[in-house]
């Protein structure tokens, strides 16, 4: 009885024309000038490029939890600066387009200007060279030996002794090159392999000799 009364009282939600107009108005009509929506992403983009350049490559490498927290908080912090007082779909499209345009322009501008590109992005930093840790470079990039070991382990190296060279790239990734076995080690492995073959052949001959 009560259920039938509740169903009878329910009415489909209808939206009249003024409400529908207001909904579309809030979604698509800008509340700030178009120039402001274009300039805000540009200014934040320039700030982040300069800020991350000054902060060092380890921020992009995310070697520990603190680096990840900084990047997450940084994205949330600058979000309001990019959006401003406008939450419309049109404003979001304009802001995203503005970011894509400035990024394409910067990349195209730096494509033929290697010196300027190197100045803005920096140069790769060697961390291990000829199997030897470069402690000065590690200290300059604020990377501890344990952090470097953790990254090397993720890339399949058991320890840093197996690494011939390691380079911190401008994008924050660390490239490792393993040590190649020396000629003496190769010959030693070949000798052990031949001894194993001879041993297996002798074991195969033993039953025949006993018979």
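Which FRET efficiency value, to the nearest 0.05, do you get for residue 121 and residue 93 by plugging their Cβ-Cβ distance into 1/(1 + (r/R0)^6) with R0 = 25 Å? Before the final figure, lay out each step's value.
Details: r = 29 Å, r/R0 = 1.17.
Rounded to the nearest 0.05, the efficiency is 0.30.
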### Query
Which whole-percent values make up P(r) of region 94-211 when all C-alpha to C-alpha distances are grouped in 5 Å steps starting at zero?
2, 9, 12, 12, 9, 9, 10, 9, 6, 5, 4, 4, 3, 2, 2, 1, 1, 0, 0
### Task
Based solely on C-alpha atoms, express the radius of gyration and the Dmax of region 12-121 in angstrom.
18.8, 66
### Query
Among 72, 168, 127, which one moves the most in a GNM of the chain with springs linking Cα atoms closer than 10 Å?
72
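Where does region 125-178 land on Rg(C-alpha)/(2.2 N^0.38 Å)? Present the calculation step by step, with values, prior to reporting the outcome.
Numbers: Rg = 9.8 Å, N = 54, 2.2 N^0.38 = 10.0 Å.
So the Cα radius of gyration is 0.97 times the expected 2.2 N^0.38 Å.
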### Task
Could you state the angle between the C-alpha long axis of helix 183-210 and the longest principal axis of the C-alpha atoms of the chain, as a value from 0 to 90 degrees rounded to the nearest 10?
60
### Query
Say we join alpha carbon atoms closer than 10 Å with springs in a Gaussian network model of the chain; which of 88, 200, 146 then has the biggest fluctuation?
200
## Note on the structure
Highest GNM mean-square fluctuation among 126, 33, 18, for the chain with Cα springs under 10 Å, belongs to 18
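Give me the orientation-averaged projected area of the Cα convex hull of region 81-162, in nm², one decimal. Don't skip to the end; give the middle numbers.
Numbers: hull surface 37.2 nm².
Over all viewing directions, region 81-162 projects a mean Cα-hull area of 9.3 nm².
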### Task
Note the listed values (i) -0.32, -0.48, -0.68, -1.36; (ii) -0.48, -0.67, -0.84, -1.18; (iii) -0.66, -0.80, -0.94, -1.25, then indicate which one is log10 I(q)/I(0) by the Debye sum over Cα atoms at q = 0.09, 0.11, 0.13, 0.18 Å⁻¹ calculated from this particular structure.
(iii)
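Throughout, read-outs are computed from the coordinates displayed, never taken from laboratory work. Bear in mind that the values here come from a model prediction, so they are computed numbers and not experimental data. FYI the Cβ positions are ideal-geometry reconstructions off the backbone, even for glycines, and counts take in every protein chain you see.
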